[in-house]
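What follows is a set of notes on a single structure, which appears directly below.
Each reported figure results from applying straightforward, stated rules to the coordinates on display, with no laboratory input. Just so it is clear, the model here is predicted, and its values are computed rather than measured. Every residue, glycine among them, receives a Cβ derived from its backbone with ideal geometry; neighbour counts consider all protein chains shown.
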Amino acid sequence: MCLPTVGGAAGSLASYAPGGLDPGDNGVVIPGLDPSAPRRIRIYNHRSNDRIDVEYFAGGAYVSSAVQEFSYFMRDWRNNKTIGIDNRTVDIMTAAHNLMGTSEPYMLLSGYRSPETNAMLRSRSSGVARNSLHLRGQAADLRLQSRSVNQMARAASACAAGGVGRYSSSDFVHMDCGAVRNWGR
């Protein structure tokens, strides 16, 4: 079970998470995300019953212990395999959440997917990409009870910092830190 909050010293995580650099470092500005303000993510996984409410960026740097805790939280719940979650994905999720103006935590449907899980899901659905960014810890499928899929997708698209997939029939939004693109079902 993830801890409810994490404190700790700020530190550089470029070596921990793939692409673990602040989006501001590469010239990307994300609306809804103050580049110098602390960043917090609140999210739960209804399958594992894990909840996390963590300040993962403080004092101008990512908090190593918080990023590690979040990466564990985002593990493949089917086999407990983990990977370092890309900080850019967490920043996009946080910025979109800020833009929606809600205090409700996200519900995580899918974070990291191991190759085995991705292959199994591909065998059941044509909507699962062979080279999914979930395999690299660069994507999340999310839901909010208080916001529609369209509201969530608009907020994520406003970040102009990654991919946004709208899955209305399944009631979730995919957010990733890949190329800027949008799609919907």
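Of the residues Ser103, Ser114, which single one is more than 23 Å from Val149 (Cα to Cα) and surrounded by fewer than 19 Cβ atoms within 10 Å (Cβ to Cβ)?
Working: Ser103 fails: more than 23 Å from Val149 (Cα to Cα).
Of the residues listed, the single one that is more than 23 Å from Val149 (Cα to Cα) and surrounded by fewer than 19 Cβ atoms within 10 Å (Cβ to Cβ) is Ser114.
Every residue in the stretch 66-100 that is in a loop (DSSP other than H, G, I, E, B) and farther than 23 Å from Arg166 by Cα, please.
Residues satisfying the conditions are Arg78, Asn79, Asn80, Thr82, Ile83, Gly84.
Scan Glu116, Glu104, Glu55 and give me the residue that is in contact (Cβ under 8 Å) with a residue 24 or more places away in the chain, touching a strand residue (DSSP E or B) at 6+ places or on another chain (Cβ under 7 Å) and of a type outside the set (Ser, Thr, Tyr). Write out each step before concluding.
Details: Glu116 fails: touching a strand residue (DSSP E or B) at 6+ places or on another chain (Cβ under 7 Å); Glu104 fails: touching a strand residue (DSSP E or B) at 6+ places or on another chain (Cβ under 7 Å).
Going through Glu116, Glu104, Glu55 in turn, just one is in contact (Cβ under 8 Å) with a residue 24 or more places away in the chain, touching a strand residue (DSSP E or B) at 6+ places or on another chain (Cβ under 7 Å) and of a type outside the set (Ser, Thr, Tyr): Glu55.
Please verify whether the stretch 160-176 includes one or more residues that are under 16 Å from the mean Cα position of the chain (by Cα), surrounded by fewer than 18 Cβ atoms within 10 Å (Cβ to Cβ), among the aliphatic types (A, V, I, L, M) and on the phi < 0 side of the Ramachandran plot.
For the stretch 160-176, residues under 16 Å from the mean Cα position of the chain (by Cα), surrounded by fewer than 18 Cβ atoms within 10 Å (Cβ to Cβ), among the aliphatic types (A, V, I, L, M) and on the phi < 0 side of the Ramachandran plot: absent.
For the stretch 117-134, what are the residues that are surrounded by 13 or more Cβ atoms within 10 Å (Cβ to Cβ) and hydroxyl-bearing (Ser, Thr, Tyr)?
Passing the criteria: Thr117, Ser132.
The rows are residues; the columns are (1) in contact with a Ser or Thr (Cβ under 9 Å, 6 or more places away or on another chain); (2) of a type in the set (A, V, I, L, M, F, W, C); (3) surrounded by 18 or more Cβ atoms within 10 Å (Cβ to Cβ).
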| site | (1), (2), (3) |
| --- | --- |
| Glu69 | no, no, yes |
| Arg136 | no, no, yes |
| Gln151 | no, no, no |
| Ala158 | no, yes, no |
